[in-house]
Amino acid sequence: MNRAVCVDASFIVAMLTPERYTTPATARWKAWIKDDFRILAPSLLGYEVTSALYRKVLQEQIEPKDGQAALEQFLAMDIESIHPPELHARPAILPSSSTAPILTTLTISQWPNIYLVRCGQRTKGCTIR
């Protein structure tokens, strides 16, 4: 069985828009492709990425055409969308310190041989958990 990683929207947006973590996110993505990793994400990833890109456009961090280009790049990525039956029930048992936007991603990352990958200020870069 191939190794797998579970990405969240922060990782994808960091990779597709110019920001502080673009270089490390892109390097990780290229390494996973080279090493034949399965790249997984919760089934809601498309909505989360679209929302994050929309917020960047509204906040004038990126131009609308760049947001559209990033969305098109995302849609072309080889990410396996998964939605196991227990996906939304299991986060209820996670510690209350977990934040809501990453609950489904954290749930998937608790499966054997799957690592959660996030990028941002809270994680101080791109982290693997």
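The values are calculated or read from the model by the stated rules, or taken from the named source; none is laboratory data. If you're wondering where the values come from, they're calculated on a predicted model, not measured in any experiment. Don't worry about glycine lacking a Cβ; one is built from the backbone with ideal geometry, like all the others, and counts go over all protein chains shown.
Data table
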item: Residue within segment 98-106 that is closer than 19 Å to Ala4 by Cβ, at pLDDT below 95 and more than 13 Å from the chain's Cα centre (by Cα) present; result: no
item: Qualifying positions in segment 7-37 - of a type in the set (Gly, Ala, Ser) and either within 21 Å of Lys65 (Cβ to Cβ) or in contact with a His (Cβ under 7 Å, 6 or more places away or on another chain) (or both); result: Ala9, Ala14
item: Selection count, segment 30-86, where residues are surrounded by 11 or more Cβ atoms within 10 Å (Cβ to Cβ), under 16 Å from the mean Cα position of the chain (by Cα) and not in a helix (DSSP H, G or I); result: 13
item: From Ala14, Ala69, residue being modelled with pLDDT of 90 or more, small (Gly, Ala, Ser) and over 26 Å from His83 (Cβ atoms); result: Ala69
item: Subset tally (residues that are over 19 Å from Ala4 (Cβ atoms) and in contact (Cβ under 8 Å) with a residue 60 or more places away in the chain) for segment 21-73; result: 2
